[in-house]
1. Can you name the helices (runs of 4 or more DSSP H) wholly within the stretch 287-375 that have at least 1 residues being more than 30 Å from L249 (Cα to Cα)?
2. Within the stretch 16-42, track down each residue that is under 22 Å from F281 (Cα atoms), open to solvent by 10 Å² or more (accessible area, probe 1.4 Å) and assigned to a helix (DSSP H, G or I).
3. Only one residue in L88, L105 is more than 12 Å from the chain's Cα centre (by Cα), within 17 Å of A257 (Cα to Cα) and modelled with pLDDT of 95 or more, so which one is that?
4. Restricting the search to the stretch 93-126, which residues are among the basic types (K, R) and in contact (Cβ under 8 Å) with a residue 40 or more places away in the chain?
5. Which residues, counting only those in the stretch 302-327, are aliphatic (A, V, I, L, M) and either out of contact with any strand residue (DSSP E or B) (no Cβ under 7 Å at 6 or more places or on another chain) or within 16 Å of E36 (Cβ to Cβ) (or both)?
6. Going by what's in this entry, would R93 be described as open to solvent by 20 Å² or more (accessible area, probe 1.4 Å), within 23 Å of N258 (Cα to Cα), modelled with pLDDT of 90 or more and out of contact with any Phe, Trp or Tyr (no Cβ under 6 Å at 6 or more places or on another chain)?
7. Answer yes or no: is there a residue in the stretch 210-222 that is surrounded by fewer than 23 Cβ atoms within 10 Å (Cβ to Cβ) and more than 15 Å from V161 (Cβ to Cβ).
8. Is there a residue in the stretch 181-193 that is open to solvent by less than 20 Å² (accessible area, probe 1.4 Å) and over 30 Å from I136 (Cα atoms)?
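The values are calculated or read from the model by the stated rules, or taken from the named source; none is laboratory data. It should be emphasised that the depicted structure is a prediction, and the values quoted were computed from it without experimental measurement. Positions of Cβ are backbone-derived with ideal geometry, glycine not excepted, and every protein chain shown enters the neighbour counts. Only protein heavy atoms, including side chains, enter the accessible area calculation; ligands, DNA and RNA are left aside. Shrake-Rupley method; radii C 1.70, N 1.55, O 1.52, S 1.80 Å.
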Amino acid sequence: MAKIRPRERAAIIQSLRAGVTPRVGLEHIQVGRVNEVKAMIEELERVCQGGSCFKIVVGDFGAGKSFFLQLVRYLALEKGLVVVNADLGPDRRLQSSGGGQALSLYQELMRNMATRAHPEGNAMIPVVEKFITTQINEAEVTGASVSSVIKKKLQSLSELVDGYDFAEVIAKYYQGYEEGNDELKQAAVRYLRGEYHTKTEARKDLGVRSIVTDSSVYDHLKLMARFVCQAGYNGLLVNLDEVVNLYKLSSPRARAANYEQILRILNDCLQGSAEHIGFMFGGTNDFLRDTRKGLYSYEALHSRLSENTFAQIANVVDYHGPVLQLENLSPEELFVLLCNIRNVFANGDKDKYLLPDEALAAFLRHCSQNIGEAYFRTPRNTIKAFVDLLSVLEQNPEIKWQSLIDSVQVAKETDPSLVTMPQGNSAESKADDDELSTFSL
């Protein structure tokens, strides 16, 4: 078993107890999803080679969409990509008409920028300084001035929308870097993060005439993808979860505008117009297939995202289409996941396991008998209960696991409100249940 670092162990346990996806240590609890991951590795390699990818990951509540997106994020970082991720919500959309929702999404993406050296986010400054350092080294080799090397390197950005101003901001950052002017450096970072709200303020601080706005978010993501490549990375992956919030928009016009933006991204990726950039969207089946409010309600998207008819006829899965359907978790996979969680608690030491295999089987048998198939279809509460069980045993080694499971059963019969074990598939917890399904390398 691989050694588990204390920091990873704490992060995994805390995340699982809270019902959310861990950001680190994913490799320690992986299981299943072999074909899906192989397909995504191919997509990421295409991005590294200068191409693009577009994937909408859909599935029932509990199928593991959020977990899968985090796994792809981990794989992308290992392949030398820069990853930006965010959850969509009422105040974060792909497109908005001056309301600031699209700009808010861009700001969240930039705050969560991650690299292999900075996997937890806030990697904007390290990425920019890596670019600067690379150009300084090149200038020393060629004998040219650093400013001229940077200007030549960023010349290709002028081909893109707002590219000239983007290049000017990077040059201003170097100027601040060279002069020790922290205010100028901070102003450049503010621009890159989309934190300027007026062009007047940006012109005063940086001498540029454009800023990131609701209408230019996608253009600036493409700019950022080209820039991170020039900084020595292999491309940019944009991870967007909870895209179902677009489906929930009450305004048909607002939904259509956001679906048009998805169509624009899809066309660029599939036609080869986008370079070194990938997009991952996580949503529910209704978000995709509802012909009244989902993506299928937009005819251009319906035709592009419809399922492969021949794959359906042959009863197989096409993993290379723009839509990746995640199947529900099987009981066998859930058992392996519980084994992995037990191993995390023991820091990878078999001699320190808090529960034997017999206890895991008894735990799942209890879930199956009292809840039925929902215990693996929506596993969040099941996993949370298992982590709680291990936590009690860790703190109280004198307690026998048999008595805890038996006590839960008695409590359920006498007072259902006392039960902390899984309670099935309530509408209230559906959105969070998706977090804790399972995956694999």
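1. Working: elements: 299-305, 309-313, 331-345, 357-371.
The qualifying helices (runs of 4 or more DSSP H) are 309-313, 331-345, 357-371.
2. E27, V34, N35, E36, K38, I41, E42
3. L105
4. R93, R111
5. Of everything in the stretch 302-327, those that are aliphatic (A, V, I, L, M) and either out of contact with any strand residue (DSSP E or B) (no Cβ under 7 Å at 6 or more places or on another chain) or within 16 Å of E36 (Cβ to Cβ) (or both) turn out to be A311, I313, A314, V316, V317, V323, L324, L326.
6. Values: open to solvent by 20 Å² or more (accessible area, probe 1.4 Å): yes; within 23 Å of N258 (Cα to Cα): yes; modelled with pLDDT of 90 or more: yes; out of contact with any Phe, Trp or Tyr (no Cβ under 6 Å at 6 or more places or on another chain): yes.
Yes: the conditions hold for R93.
7. Within the stretch 210-222 (the criterion being surrounded by fewer than 23 Cβ atoms within 10 Å (Cβ to Cβ) and more than 15 Å from V161 (Cβ to Cβ)), the answer is no, since none of the residues qualifies.
8. Within the stretch 181-193, none of the residues are open to solvent by less than 20 Å² (accessible area, probe 1.4 Å) and over 30 Å from I136 (Cα atoms).
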